[in-house]
Amino acid sequence: MSNHTSDTLYVEGLSKTYGEGSTAHEVLSDVSLEVHPQELVSLVGPSGAGKTTLLRCLSGLLEPTSGRVRLGDRPVSKPIEDIAVVFQDYRGSLMPWMRVAENVTFPLQGKGVAKAERDHRAQEALEAVGLGDAGNKYPWQLSGGMQQRVAIARGLAYEAPILLMDEPFGSVDAQTRFDLEDLTLRLRRELGITIVLVTHDIDEAVYMADRVVVLGGRPTRVLETIDVGLGDDRDQIGTKENHLFAELRSHVLNQVRHNPAI
Amino acid sequence: MNIQKILLGAGKMLWLPALVIAAWWVLSGTSENFYFPPLSKIFEKIIFQATEGALWENILFSMINFTIGFVVAGIAGILFGIVLGSLRRIRVAVSPLLDFMRSMPQIALVPVVIMAFGIGPEPKAFLIGFICFWPILLNTIDGVRGLNPQLLEVAKAYRIPYPVYLMRMVLPATLPAIMTGMRIAIGLGVVMMVVSEMYSSTRGIGFYILQSQESYRITDVWAGTIVIGLLGYLISVGFVAVERYLLAWYYQVERRRLRKRPARAAAETAAAPPVRNPASEHAKARLTADKDSEVVVATRKGV
Amino acid sequence: MRQQRMTVLGSQIGVILALLVIWELIARSGLAAENAFPPFSAVSVELVKGMLTSSYWTAVWQTLQGALQGFLVAAAVGIPVGVVVGFSPFLERSSRILVDFGRSFPAIALLPIFVLSYGSTITTKTIVIAVGCVFPIFVQSFYGSRRVDPAIVETAKAFRIPAGMQLTRIALPSAVPSIMTGLRLGITMAVLLSIGVEILGGIPGLGQRIAGAQQDGASAVAFAYILTASALGFAVSKLSQAVESRLLRWRPPTTVS
């Protein structure tokens, strides 16, 4: 997998309203943010704050009511080749009738990548997530954490410079979660990809990110953007004992608490 | 050891059917009752018909009609089912009509269709197809509607072309539901096959029964009836085999899910009495996926 | 919201009207033979004429009566036997082949045997319908009692609930939703078979009227009875759905059927 450089991802004055007339419900109001190349940005906020809605707008899966998303000069109004998505629920996003390798190569077929190249990329991506020998298995033969790694491998094999992750570690146990977090950090360092991570876990948001974007209020807007000055090397014990980590964590928690979504 | 085990397993399944047949054989052995001839006589009649009579020719005629009707209904049912399952507006508009057509007793059409189009094979295949179409259609629609919405998101996010999405994602995901519809259709199709031949025909296994009845050859009536039973049984056994093969992945997922449950449940019973959890994994997955957008949930609940 | 509902209703009525218009046009265009495919207008005239006679309603009742009798016999046999067999792995294994045979057997093939022995009577009708409905009811009752939630089975074992109580207090209530499905399938099958038996066996009822009218060349009358039979099937199926959801109110609603 080669390194990719991409343009900056801009979100400009994005609002999203569901329904019309008297039943209208504004979920997002005037959200603006930027994600620079090779940056890892966490979007954190309370449950029901419309984080997933925002991510779906970023990926082009959902059209905003107003405002826009662009990558450099190109508008993102529908899914584009430069963005891969790792969904929250691996059970729904991996196809049980396809083997692991097929699940990874499948999107490349649509991209018109030749078979040999597809298999090669899938193998590389699976090795990167530590599942080099699982290609011939069916998803149900793997544990939840391993299945989510397959979903990550699918994103990597797509070779998009930007990876959007929607609460990717929400449905696995705590230990697996830490492992997946570190795996993601390592991949990002090695491959130089840009990552947008949606999470409701404040520890995770701070631990993973270069910048944390705190979402909240009703309708949801950007409450604050925080630079996480924890450096590039993070580890689950040292970093989390760091007083700066504790301060950031309390700060974000306060923000979220005082601006409940519902 | 292994052979013993297999024999024992087979024995446990076979003793009752064997007993029933033996009891029938013995009890009817000396039967003088005109309507209930000895099973041995019926058996002889089947052998005779198979070796010297037209049994195979009749079976072939019935099976060809059945196969044509079923296959055409299957293709049409899946195609329309996927279209109607995906397009809400059209589905809503035709749903009362589908409801009506599904619950009408399709057999009522037999006299009209056969009087109008003759006693040949084509109207029979049409009638079989007509009765098979509805359960396949409705189950396919349900299957498409029950798809995990994340599947579509994956397809969009990774820009899977629409035909590929339909063939490699929607079709396999809907296959368990389609198979359920087909299983129902087979039962109904066999009934229609028999009725269409017994109403009026010149060939077919139903015709053999009808003809025997009209000439009071009661042993032949029994023979034909038993052959139809065996035919129906073989069709459904064959179908189950096909289903097991096509849905191997599905049964493995299901088995794993079921196997996992007792362990988890046992752990929970220690703390609190278990509450029956009716929400399937599937429904749960849908809810999580739609968490942020209630509107999506609301529209999906519609017809 | 309300406006949306009106549009939906409008589109549904539109589809049905369009279909009736197409029916009328095809019938009048001479594409289909008059005696095979009468126009809708002629059929509705016959339908209204029929509804004003008592013989029409007699036929409706005869069909319904046969279906109900056969259905009740089937339920009385299928439910208890199904629950007990599903509860016992031994009985389940022993009866598997017979059950698989029975459920794939087209009961209507038995009609000639019973017509020969009992004539074209309501008895024949009831027997054939009962044989045809007993298997869907049996199989669903059986699945219901076999598929008790493993957690509940474990609980029952842990508290050493006696087998008799497990059957009546756990297997049977757990099987109720599935039994209801079986009854719904059974009653639909009963109406279908009732019509089929009447057509083939000349047993009084809607099916016999359809066949008779068609043989007399009165295809508009035949279609009027076909519409009646369809309405009967539709009503029975809607009614059984309503009963089912009413009886199963304790169950939290599921979104996917």
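What does the charge dipole of the protein assembly as shown about its Cα centre add up to, to the nearest 20 debye, if the Cβ of each Lys and Arg holds +1 and the Cβ of each Asp and Glu holds -1?
Numbers: 76 positive and 65 negative charges, 392 e Å.
So the magnitude is around 1880 debye.
Would you please classify the overall shape of the stretch A:130-196 from the alpha carbon gyration tensor, given that a ≥ b ≥ c denote the square roots of the eigenvalues, rounded means a/c under 1.5, and beyond that prolate means a/b larger than b/c while oblate covers the rest?
The shape class here is oblate.
Based only on Cα atoms, what Rg/Rh ratio does the stretch B:56-253 have, Rh being taken as Kirkwood's radius?
Numbers: Rg = 19.4 Å, Rh = 18.3 Å.
For the stretch B:56-253, the value is 1.06.
Calculated FRET efficiency, A:Lys111 and B:Asn2, Cβ-Cβ r, R0 35 Å, to nearest 0.05? Mind showing how you got there, number by number?
On the way: r = 50 Å, r/R0 = 1.42.
Approximately 0.10, to the nearest 0.05.
Return the calculated 222 nm mean residue ellipticity for chain A, to the nearest 500 deg cm²/dmol, obtained by summing -39500 (n - 2.57) across DSSP H runs with n ≥ 4 and dividing by the residue count. Please report the intermediate quantities before stating the final value.
Details: 9 runs with 97 residues, N = 262.
After summing the helix terms and dividing by residue count, I get -11000 deg cm²/dmol.
Using a 10 angstrom cutoff on alpha carbons, build the Gaussian network for chain C and name the most mobile of C:Val243, C:Val73, C:Val221.
C:Val243
Fewest Cβ neighbours within 10 Å first, please rank A:Asp210, A:Asp7, A:Asp89 accordingly.
Ordered by Cβ neighbours within 10 Å, fewest first: A:Asp7, A:Asp210, A:Asp89.
If you rank C:Ser11, A:Ser15 by fewest surrounding Cβ atoms within 10 Å, what's the result?
Final ranking by Cβ density, sparse to dense: C:Ser11, A:Ser15.
Would you mind ranking A:Leu185, A:Leu9, C:Leu91 so that the residue whose beta carbon has the fewest other beta carbons within 10 Å leads the list?
C:Leu91, A:Leu185, A:Leu9
What angle do you read, to the nearest 10 degrees and between 0 and 90, between the alpha-carbon axis of helix C:206-215 and the longest principal axis of chain C?
Computed tilt is about 30 degrees.
Do you know the relative contact order of chain A, to the nearest whole percent, from alpha carbon pairs under 8 angstrom that are 6+ apart?
So the answer I get is 26 percent.
Would you mind giving the mean number of other chain beta-carbons within 10 Å of the Cβ of each residue in B:242-254, as a whole number?
Per residue, the average neighbour count from other chains is 2.
Suppose every Lys and Arg Cβ carries +1 and every Asp and Glu Cβ carries -1, with no other charges. What dipole size does chain A come out with about its Cα centre, to the nearest 20 debye?
680 debye
Return the subset of B:Lys45/B:Lys124; A:Lys16/A:Lys51; A:Lys16/A:Lys78; A:Lys78/B:Lys156 for which the Cα-Cα distance in this structure is over 18 Å, preserving the input order.
B:Lys45/B:Lys124
Could you work out which residue, out of C:Gly119, C:Gly132, C:Gly30, moves most in a Gaussian network model of chain C, that is, has the largest mean-square fluctuation with Cα springs under 10 Å?
C:Gly30
Loop by DSSP (not H, G, I, E, B), at most 13 other beta-carbon atoms within 10 Å: where is the longest site-free stretch of chain C for trypsin sites (Lys or Arg not before Pro)?
C:1-159
Based on DSSP, what percent of beta bridges with both residues in chain A are antiparallel, to the nearest 5? If you can, show how the numbers build up before the last one.
Numbers: 20 of 39 bridges.
Of all bridge pairs located within chain A, approximately 50 percent are antiparallel.
Work out, in µm²/s and without decimals, the Stokes-Einstein translational diffusion coefficient of chain C at 37 °C, 0.692 mPa s, Rh from Kirkwood over C-alpha pairs.
156 µm²/s
Please compute the contact order of chain C in relative form: average sequence separation of alpha-carbon pairs under 8 Å and at least six residues apart, divided by the residue count, as a percent. Numbers along the way, then the final one.
Numbers: 303 pairs, mean separation 63.2, N = 257.
Relative contact order, chain C: 25 percent.
Compute the Rg/Rh shape ratio of the protein assembly as shown: radius of gyration over Kirkwood radius, all on alpha-carbon atoms.
1.04
Between C:Lys49 and B:Trp15, what's the calculated FRET efficiency when r is the beta-carbon distance and R0 is 45 Å? Round to 0.05.
0.15
Please work out the ratio of the alpha-carbon Rg of the stretch C:1-154 to 2.2 N^0.38 Å and round it to two decimals. Working shown, then result.
Details: Rg = 23.5 Å, N = 154, 2.2 N^0.38 = 14.9 Å.
Normalised Rg, Cα atoms only: 1.58.
Find the Cα radius of gyration of the stretch C:103-244, compare it with 2.2 N^0.38 Å by division, and give the number to two decimals.
1.39
Let's test this: bin the Cα-Cα distances of the stretch C:160-257 at 10 Å from zero up to the farthest pair and state each bin's percent.
14, 31, 22, 17, 11, 4, 1
Choose one answer from C:Ala36, C:Ala211, C:Ala75: the residue with the largest mean-square fluctuation in a GNM of chain C with alpha-carbon springs under 10 Å.
Evaluated over chain C, the most mobile residue of the options is C:Ala36.
None of the figures in this text is laboratory data; all of them are computed from the coordinates on show. These numbers were taken from a predicted model, which means no experiment stands behind them. Methodologically, a virtual Cβ is constructed for each residue, glycine included, from the backbone with ideal geometry; neighbour enumeration extends over all protein chains shown.
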